[in-house]
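Worksheet for the structure shown next.
Values in this text are rule-based calculations from the coordinates and carry no lab data. Small disclaimer: the values here were computed from a predicted structure and weren't measured. Here the Cβ positions follow ideal geometry from the backbone for every residue, glycine too, while neighbour counts run over all protein chains shown.
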Amino acid sequence: MTPIAGHAAEGDRILVMLRLPPPHFRSGGAYAGGYGDRIGHGQLMHEARRIARDHHLTLVTDWMMPVIDLDCFVMRVPGGISADAMAEEVSKDSHVAWSQPMHDYQTLATAEGAGPDKGEPAGHDDPLYPAQPARMLWHLDAVHRLATGRSVTVAVIDSGIDARHPDLAGQIRANVNLVDGRAFAAEAHGTAVAGIIAARADNRIGIAGIAPGARLLGLRACWQTGPSAMAACDSLSLAKALHYAIDRRAPIINMSLGGPPDRLLAMLLDAAMARGASVVAAYDPRRPDGGFPASWPGVVAVSGVPLSGRRAIYVAPAAGIPATEPGGKWGLVDGTSYAAAQVSGLIALIDQARGHSQGRGQERSMFVLSAGGMIDALATVQGKAGCEGACRSPLAAAGRD
């Protein structure tokens, strides 16, 4: 990333994509990236400055994305000018791959809810484990005898995760801040999502994650916007996080958020799935087709209630879920954000149970569905032998195969 000093504060932002010169780029082990020959970057920067000057824009920063052979330049539009119109104008420049407005996204948490009936005795010694809806609905005691997600990595693209939380100690492989201009902070939404996926089990405190043997890449692309768990993100922060996850070959990517369709993010989602990653996103009932990225083909979209439509929307618990909170606390959370987190944990279990090198891509995104579209986690992790004819692919679940 190359920050540009003295940029203006007013106006919307657009993203301007310039093609990376392949001979000059050498991807390194650190995500910061670098050019083996910096002349190539200098040429792109010169071109970006020319584009900004020609269109009366302010160049803010850039971020190289070698996975998709692009350098993404952020430019600020003068006040009173439409970002959509400016992006369309800049896209006509022969040196620009394309341009688009910077889009905004939100995490999909709701107000706190009441916990579920505690039911049968728990199989872990974590005191809040009996209150976890997935324990009964997904038969987690039996599922965890088959798999815990051991040696599986889940990338959590979200707000900041509290890696010092006692239920997350040792579970976070990396905790990276990809939000420009905002210092890292442990935040409610990301910490809750992380705990639901991979909180430590049998440590006599808190909860047990759906995949307690998994490890997390904490990718802070969102920032908390108030005292609640709600957090905001934008196209660039999400793109940087997706690129990081792809570059680190994360087999599972959790995106408990939603917003408008975005060409840059769609290209990165395709790149992730082409490399065998499962991308899980929360369904937003307030947006057409559940919002983006849940609406993108190949993404595992998760709702808290059964939905009818042309494609499969998977159903997982979304209310009264005990979760980790910053500062070593626990609380109850509601929302499709947390339904998606549970499905990401379940895919980590599937990954381990079916052998980490098998079942990637389409096969790994197949679930066994019970009545109402709820995922049958035990049958899913067991594989078809335990399905009793109920195994269905996403297309079959939608009535399209």
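Near residue 101: Cβ cut-off under 15 Å, other residues only, Lys/Arg at +1 and Asp/Glu at -1. The net charge is -4. Annotation: for a label point projected 7 angstrom from Cα along Cα→Cβ of residue 247, residues of the stretch 51-70 with backbone N closer than 20 Å are 60-70.
For each of 270, 71, 234, 104, count neighbouring Cβ atoms within 10 Å of the residue's Cβ, then give the residues from fewest to most.
By the 10 Å Cβ count, ascending, the order reads 104, 270, 234, 71.
The listed peptides 132-143, 86-97, ordered by packing as a protection proxy, come out as 132-143, 86-97 (highest mean of other Cβ atoms within 10 Å first).
Electrostatic bookkeeping for residue 180 treats Lys and Arg as +1 and Asp and Glu as -1; over the other residues with beta carbon under 10 Å from its beta carbon, the sum is +1.
Note on the stretch 107-397: Rg/Rh from Cα positions, Kirkwood definition for Rh, rounded to two decimals, is 0.93. Net charge dipole, the stretch 281-335: roughly 160 debye, given to the nearest 20, about the Cα centre with Cβ charges of +1 for Lys and Arg and -1 for Asp and Glu. Projected onto their three principal axes, the Cα atoms of the stretch 172-252 cover extents of 38, 34, 16 Å, largest first.
Provide the packing ranking of 40-47, 279-286, i.e. peptides ordered by the mean count of other C-beta atoms within 10 Å per residue, highest first.
279-286, 40-47
Net charge near residue 260, counting Lys/Arg +1 and Asp/Glu -1 over other residues with Cβ under 15 Å of its Cβ?
Local charge sum for residue 260: -3.
For the peptides 179-188, 54-63, 291-300, 150-159, the ranking by mean Cβ contacts within 10 Å, running from highest to lowest, is 150-159, 291-300, 54-63, 179-188.
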